[in-house]
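Presented below is the structure to which this report refers.
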Amino acid sequence: PDTLQLTCTCGRAAASSSMAAHELSPQLAKFLDRHLVFPLLEFLQEKGVYDEADIMRAKLALLTNTNMVDFAADIHKSLHGSDEVPQAMRERRGIVVARLRKLQADVDPIIKCFENPNVLRSLRQDKAFNAQYLQEEHSIGPEHVEALYQFAKFQFECGNYSTAAELLTSYRSLCTNTERNTSALWGKLGADILMQNFEAARDDINKLKEAIDNNTFSAPLVQLQQRTWLLHWSLFVFFNHEKGKDDLIDLFMSPPYLAAIQINAQHLLRYLAAAVVLHKKRRNVLKDSIRTIQQEAYEYSDPVTQFLECLFVHYDFDGAQQQLKECEQVIETDFFLALCKDEFVENARLYIFETYCRIHQTIDTKQLAERLNMDLEAAEKWITNLILNARLNAKIDSKAGAVIMGTQAQSAHDQLIERSRQLSVRTFALANTVVGTGKV
């Protein structure tokens, strides 16, 4: 993928407010395609995290090596308050148009071939057969297949993501080169994300994960880099899909990908910590995730990770309450977490409540309201709703003005599911170890 080493002007700029203190876009951008960085910049501009002129300059830098020349010209005009554009931009536009015409001529035969329903019915899963069939019956050779790839890449660089995704799907049905096939799959994942087709993107992620993990002949450094890319790209999908939190925890906690986080991308621990708080049914990974957060605290720490440390390591409830307040500010300016803010705060408050009650068993309602930073009436109503919704095994003793906490046992079915997941992860790690040993 086209990764962008972006310390962008936003990253270097002195922030006008504390909102930018824990903002991660400069770190994330290093592992994203430049097209995927654009939504992050749009979000930061909307939130007013950085100076608008800095954001505009960062956008212009992103577009420099793409084919979105008209868009770049519009941003340049807006940034400089002028209708004039540099000569280099005008020349670049001419080059892009000429390239488009040549690619259209090169790819026209294979495009027409794919538009023929009879041809599509004759294609099979066997890529070698498809290539031979097209060569013999329709005079479509390797040069046409290569033109299809180049045209798809060109369309992606123009911002025509829907067309690019369709072309890349066709290309992958013919390509017999594993490395080029994987490259096309990265392109399709990027296009699906940018079209917000998250179901297809989730399928792309699974295919890419399988391709990366099964490529045992690849250099370890290459595998590490590709896993780091996949972890970052997957954030767009996992925080926009109904099963995304489960997928994120499974991927981030699997040994090869957890190693990639610890080596290359400790900042991703924010999203692992957030997913654990947001997905209360995955309590089984809480201990392991906190252990990892502690191990990497010297490299990376923010209010989201510190909240878990305060609450579950130090049992510092005042500290946890303070970190939760800071979490709200951090999440507000995080592209991936912003929409989860209310849910995160609600679940975090519930974690504080459960942990506090688990230690004390019986606790004064007034004192608990202070811990939750709520007035007494609101706290009693909140606790009552939790009990009524079967989210909490507790009861309120109105006469004593206390909350009595019951045991929170995990059902046999949930235990079976979680243990099966753990066995699957361990089996995968063992299989990788055996394969790696055999390779050596």
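If the condition is being modelled with pLDDT under 90, in contact with a helix residue (DSSP H, G or I) (Cβ under 7 Å, 6 or more places away or on another chain) and either open to solvent by less than 40 Å² (accessible area, probe 1.4 Å) or among the hydroxyl-bearing types (S, T, Y) (or both), then the range 80-106 contributes only V85. Examine the range 329-340 for a residue that is at pLDDT below 95, over 23 Å from the mean Cα position of the chain (by Cα) and closer than 24 Å to Y50 by Cβ, and state whether such a residue exists. No, because not a single residue in the range 329-340 is at pLDDT below 95, over 23 Å from the mean Cα position of the chain (by Cα) and closer than 24 Å to Y50 by Cβ.
Annotation note: of W229, W233, the sole residue that is open to solvent by 10 Å² or more (accessible area, probe 1.4 Å), within 22 Å of P39 (Cα to Cα) and assigned to a helix (DSSP H, G or I) is W229. Among all positions in the range 296-310, there is no residue which is touching a Ser or Thr at 6+ places or on another chain (Cβ under 8 Å), farther than 24 Å from D250 by Cβ and open to solvent by 10 Å² or more (accessible area, probe 1.4 Å). Restricting attention to the range 194-211, does a residue exist that is touching a residue at least 60 places away in the same chain (Cβ under 8 Å) and of a type in the set (F, W, Y)? No, the range 194-211 contains no residue that is touching a residue at least 60 places away in the same chain (Cβ under 8 Å) and of a type in the set (F, W, Y).
Checked against (1) surrounded by fewer than 21 Cβ atoms within 10 Å (Cβ to Cβ); (2) at pLDDT below 95, S289 passes all but condition (1). For beta carbons closer than 7 Å, sequence separation of 6+ or different chains, a first residue in the range 60-89 that is farther than 15 Å from L36 by Cα and touching a residue at least 12 places away in the same chain (Cβ under 8 Å) and a second that is aliphatic (A, V, I, L, M) and open to solvent by 40 Å² or more (accessible area, probe 1.4 Å), the qualifying pairs are V69/M89; A72/M89; A73/M89; H76/M89.
Here T176, T182, T163, T169 are screened, and the one residue that is in a helix (DSSP H, G or I), open to solvent by 20 Å² or more (accessible area, probe 1.4 Å), of a type outside the set (G, A, S) and in contact (Cβ under 8 Å) with a residue 24 or more places away in the chain is T182.
The values are calculated or read from the model by the stated rules, or taken from the named source; none is laboratory data. Here the structure is a predicted model, which means the values were calculated and not measured. Please note: Cβ atoms are built from the backbone with ideal geometry, for glycine as well, and neighbour counts cover all protein chains shown. Just the protein is used for accessible areas: all its heavy atoms, side chains included, with ligands, DNA and RNA removed. Shrake-Rupley method; radii C 1.70, N 1.55, O 1.52, S 1.80 Å.
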